[in-house]
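Structure first, then comments.
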Amino acid sequence: MSYFKMKIVFICSTNGSVIKKALSTDLLSGYDIEFVSDRHCGIIDFAESNNFNYRVLEAQSGRLFSSLLAELYPDSDGVLFVSFYTRLLSKVFLQIHPGKVINFHPSILPACPGMDGFGDTMKSGARFFGSTVHFIDDGMDTGAPILQAAYPRDPNVCVTKHRHRVFLQQVISLLQVIDWFSNSDVICGNAVNIQNTSFEPSEFSPNISLEYMAMYQEWLSE
């Protein structure tokens, strides 16, 4: 699937459930994976116990953490930064890694940005649930989208099942987007273009690969 294996730096501040599920598939086993956080948290404990490289750059603000990240990672050649970080990253880090820092958000942006994308979608009465993978800029979930997923909200399905489905969307999106970057399929210009994909009616746009779609559907049936 991937023509070369890049380095993936997970920028985290939580338990990292999406990352853990993705890693459990072994589809990321060939990548050079590193974790970095501004605090000791669940994903750092996971990294330590599973022999992944990790760093804790203690910082009380996103701005300070961004400065420390910029010092630690001055070059982004062959690196993709994947953020599950709950504070805003600032330009001091973002400007030296254009097109290399992405975020995963549990709503169909631009609707319901912020800390509780799924909860805000639920409260809004929206007719669709979904998720977004997007580039990070210096705004609150305002960067250009790379991949989005959406499905109709069935009022007869409990909130827990809806939340779990959005979680699974994010996991399969993580695997697919890493694959796209590894294959140099993500082209950044005036708009984001994904090469070698399609836009047929589907839960995911652009369409994810048949392999990933089959995996996602298997998870939904469990």
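The values are calculated or read from the model by the stated rules, or taken from the named source; none is laboratory data. Small disclaimer: the values here were computed from a predicted structure and weren't measured. For neighbour counting, all protein chains shown are included, and Cβ atoms are generated from backbone atoms with ideal geometry for every residue, glycine included.
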Practice task
Could you check, for segment 72-95, whether at least one of its residues is without any contact (Cβ under 8 Å) to a residue 40 or more places away in the chain, in contact with a helix residue (DSSP H, G or I) (Cβ under 8 Å, 6 or more places away or on another chain) and buried (at least 21 other Cβ atoms within 10 Å of the Cβ)?
Solution key: yes
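Against the condition surrounded by 15 or more Cβ atoms within 10 Å (Cβ to Cβ) and under 27 Å from V192 (Cβ atoms), how does F46 come out, does it pass?
When the stated conditions are applied, F46 does not pass them.
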Problem - Matching residues, segment 181-212, being touching a residue at least 12 places away in the same chain (Cβ under 8 Å) and either of a type in the set (A, V, I, L, M) or touching a helix residue (DSSP H, G or I) at 6+ places or on another chain (Cβ under 7 Å) (or both) - result: V186, A191, V192, I194, I208, S209, Y212
Problem - Residue among V56, V82 that alone is aliphatic (A, V, I, L, M) and either modelled with pLDDT under 95 or under 14 Å from the mean Cα position of the chain (by Cα) (or both) - result: V82
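Do the conditions hold for I194, that is, is it within 20 Å of F129 (Cα to Cα) and either surrounded by 14 or more Cβ atoms within 10 Å (Cβ to Cβ) or out of contact with any strand residue (DSSP E or B) (no Cβ under 9 Å at 6 or more places or on another chain) (or both)? Before the answer, list the steps.
Values: within 20 Å of F129 (Cα to Cα): no; either surrounded by 14 or more Cβ atoms within 10 Å (Cβ to Cβ) or out of contact with any strand residue (DSSP E or B) (no Cβ under 9 Å at 6 or more places or on another chain) (or both): yes.
Against the criterion (within 20 Å of F129 (Cα to Cα) and either surrounded by 14 or more Cβ atoms within 10 Å (Cβ to Cβ) or out of contact with any strand residue (DSSP E or B) (no Cβ under 9 Å at 6 or more places or on another chain) (or both)), I194 does not qualify.
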Exercise for the section: Tell me, please, whether a residue that is in contact with a strand residue (DSSP E or B) (Cβ under 6 Å, 6 or more places away or on another chain), part of a helix (DSSP H, G or I), under 24 Å from L88 (Cα atoms) and of a type in the set (S, T, Y) can be found in segment 154-175. Expected result: yes
Problem - Subset of segment 30-41 (residues that are within 14 Å of I11 (Cβ to Cβ) and assigned to a strand (DSSP E or B)) - result: I33, E34, F35, V36, S37
Fill in the blank from the handout: Going through (1) part of a strand (DSSP E or B); (2) crowded, with 17+ Cβ neighbours inside 10 Å one by one, I187 fails only at (2)
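Conditions (1) assigned to a loop (DSSP other than H, G, I, E, B); (2) among the basic types (K, R); (3) farther than 23 Å from W180 by Cα, marked per residue:
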{"site": "I11", "(1), (2), (3)": "no, no, no"}
{"site": "I43", "(1), (2), (3)": "no, no, yes"}
{"site": "E48", "(1), (2), (3)": "no, no, yes"}
{"site": "Q60", "(1), (2), (3)": "yes, no, yes"}
{"site": "L69", "(1), (2), (3)": "no, no, yes"}
{"site": "P74", "(1), (2), (3)": "yes, no, yes"}
{"site": "L80", "(1), (2), (3)": "no, no, no"}
Practice task
Pairs only if they're at least six apart or on different chains, beta carbon under 9 angstrom, first in segment 32-59 and touching a residue at least 40 places away in the same chain (Cβ under 8 Å), second polar (S, T, N, Q) and in a helix (DSSP H, G or I); list them, first residue then second.
Solution key: I43/S17
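When you look at A214, is it over 24 Å from T121 (Cβ atoms), hydrophobic (A, V, I, L, M, F, W, C), at pLDDT 95 or above and surrounded by fewer than 17 Cβ atoms within 10 Å (Cβ to Cβ), yes or no?
Working: over 24 Å from T121 (Cβ atoms): yes; hydrophobic (A, V, I, L, M, F, W, C): yes; at pLDDT 95 or above: yes; surrounded by fewer than 17 Cβ atoms within 10 Å (Cβ to Cβ): yes.
Taking the combined requirement at face value, the residue satisfies it.
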Handout entry: Some residue of segment 200-220 being part of a helix (DSSP H, G or I), touching a Ser or Thr at 6+ places or on another chain (Cβ under 8 Å), farther than 18 Å from Y151 by Cβ and not acidic (D, E)
Key = no
Practice task
Report whether or not D116 is over 21 Å from A149 (Cα atoms) and charged (D, E, K, R).
Solution key: no
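Could you tell me whether F135 is surrounded by 15 or more Cβ atoms within 10 Å (Cβ to Cβ), out of contact with any Lys or Arg (no Cβ under 7 Å at 6 or more places or on another chain), among the aromatic types (F, W, Y) and at pLDDT 95 or above?
On the way: surrounded by 15 or more Cβ atoms within 10 Å (Cβ to Cβ): yes; out of contact with any Lys or Arg (no Cβ under 7 Å at 6 or more places or on another chain): yes; among the aromatic types (F, W, Y): yes; at pLDDT 95 or above: yes.
When the stated conditions are applied, F135 passes them.
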